[in-house]
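Asks: Mind looking over this structure? Questions follow.
The values are calculated or read from the model by the stated rules, or taken from the named source; none is laboratory data. Keep in mind that what you see is a predicted model, and the values were worked out from it rather than measured. All Cβ positions, glycine included, derive from the backbone under ideal geometry; neighbour counts span all protein chains shown.
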Amino acid sequence: MLFERPSDDLLYDALVARDASYEGFTWAAVKTTGIFCRLTCPARKPKRENTSFFETIAECLEAGFRPCSRCRPMLKLGEADPMVTRLLTALDTEPFRRWSEDDVVSLGIDPSTARRAFKRQFGMSFLEIARLRRMGKAAETLKEGASVLDAQLDAGYESGSGFRSAVTKLFGVAPANLRNKVLLRADWIETPIGPMMAIADQHCLHLLEFAERKALPAEIKKLQKFTGSGIVMGRHPPIDQIEEELKAYFAGEDRGFKTRIAGHGSPFQRQVWEALRAIPAGVSTTYGAVAAELNLPSSTRAVAGANGANQIAIVIPCHRLIGADGSLTGYGGGLWRKRWLLEHERRMAARDGG
């Protein structure tokens with residue numbers, strides 16, 4: 001069975017490995033200290049004989065354990081780091097400011113601490129994110145017909161060559177040529193299992209992927225080539241809409257996803273993706289079953305290929321496909337996320353059905 005409760009020995013191995021796939025579903029309690037922790041807690045690991053496992057925080061508390069002060073298991077899963085939230089709020093207030101480490105210090109935040117937190121959460125530093133926001137403003141200025149010099153100054157670059165180099169590296173085109181570009185916008189969306197990058201135009205969502213997905217840079221380049229668009233940091237309405245829908249989903253509300261999705265992919269791929277969206281939350285099926293449903297029983301491998309080509313994670317639920325033997329198969333966001341999503345949906349469906 002895919003969702004049988006793992007043995008305590010397996011959970012202990014997960015605790016030692018800080019395996020995030022059980023995050024939010026299992027807590028470890030240490031008999032010698034009287035505390036309970038997330039399985040991802042960075043604290044030194046207890047001995048196996050001193051460790052118990054519970055499925056709910058209530059069980060931990062009822063057994064007399066108190067929450068760990070390091071991993072803070074009582075906080076809502078995926079709650080944002082207050083320091084990260086504060087800096088992002090400041091950036092939203094002044095997105096075109098040329099932020100520096102001195103500005104970070106002026107907010108009472110240690111730059112090295114901020115750098116580590118942002119790298120861990122987003123894969124890039126706060127100052128790098130701020131620079132991307134400035135470059136997005138420059139692209140918008142150019143698109144509105146301003147001179148390259150005006151755009152350069154708006155972005156906070158004193159050096160014209162440095163500005164041209166930065167724009168070309170980021171958008172794959174020289175600054176003057178951005179006037180002819182349709183601009184998509186990209187922004188981060190926080191989720192309990194890691195940040196996602198969303199890219200959209202005014203009308204629909206083009207990409208939604210976990211930020212640490214190894215194939216993400218290649219997917220972005222492919223999207224730029226396919227659409228002939230530039231991509232800048234910022235938001236269009238579909239990103240706000242999908243963020244609200246994801247919040248509901250992770251809160252356990254099965255409302256479905258209404259955000260309009262761009263029509264990328266071949267006719268066959270779109271046919272497979274529609275079949276995936278028809279699979280209810282809490283249900284998993286196989287590649288072969290989808291092929292049979294499409295009246296193409298010999299196309300199991302083609303279905304798998306279409307599944308892997310999906311660039312709209314969760315909304316097009318490629319995580320709901322498993323192997324013919326019931327095992328979890330490859331997932332671009334990581335197998336631990338696939339297991340997490342399936343378990344989350346199983347519990348959501350069980351609650352709704354009960």
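Asks: Which one is surrounded by the most Cβ atoms within 10 Å (Cβ to Cβ) among residues in the stretch 107-148 that are farther than 18 Å from E190 by Cβ, small (G, A, S) and at pLDDT 75 or above?
Replies: Among those that are farther than 18 Å from E190 by Cβ, small (G, A, S) and at pLDDT 75 or above, it is S112.
Asks: I would also like to ask the following. Among the residues that make up the stretch 244-262, is at least one of them more than 28 Å from H344 (Cα to Cα) and out of contact with any helix residue (DSSP H, G or I) (no Cβ under 6 Å at 6 or more places or on another chain)?
Replies: Checking the stretch 244-262: not a single residue is more than 28 Å from H344 (Cα to Cα) and out of contact with any helix residue (DSSP H, G or I) (no Cβ under 6 Å at 6 or more places or on another chain).
Asks: Kindly indicate which of K247, K225 is without any contact (Cβ under 8 Å) to a residue 12 or more places away in the chain and within 21 Å of R320 (Cα to Cα).
Replies: Exactly one of K247, K225 is without any contact (Cβ under 8 Å) to a residue 12 or more places away in the chain and within 21 Å of R320 (Cα to Cα), namely K247.
Asks: Condition check: over 24 Å from R346 (Cβ atoms), in contact with a Phe, Trp or Tyr (Cβ under 9 Å, 6 or more places away or on another chain) and of a type outside the set (A, V, I, L, M). Does F25 satisfy that?
Replies: no
Asks: Go through the stretch 1-99 and tell me which strands (runs of 3 or more DSSP E), entirely inside it, have 2 or more residues that are modelled with pLDDT of 80 or more and in contact with a helix residue (DSSP H, G or I) (Cβ under 7 Å, 6 or more places away or on another chain).
Replies: 27-30, 51-54
Asks: Moving on. Out of curiosity, is S52 more than 19 Å from P192 (Cβ to Cβ), surrounded by fewer than 15 Cβ atoms within 10 Å (Cβ to Cβ), without any contact (Cβ under 8 Å) to a residue 60 or more places away in the chain and of a type in the set (S, T, N, Q)?
Replies: no
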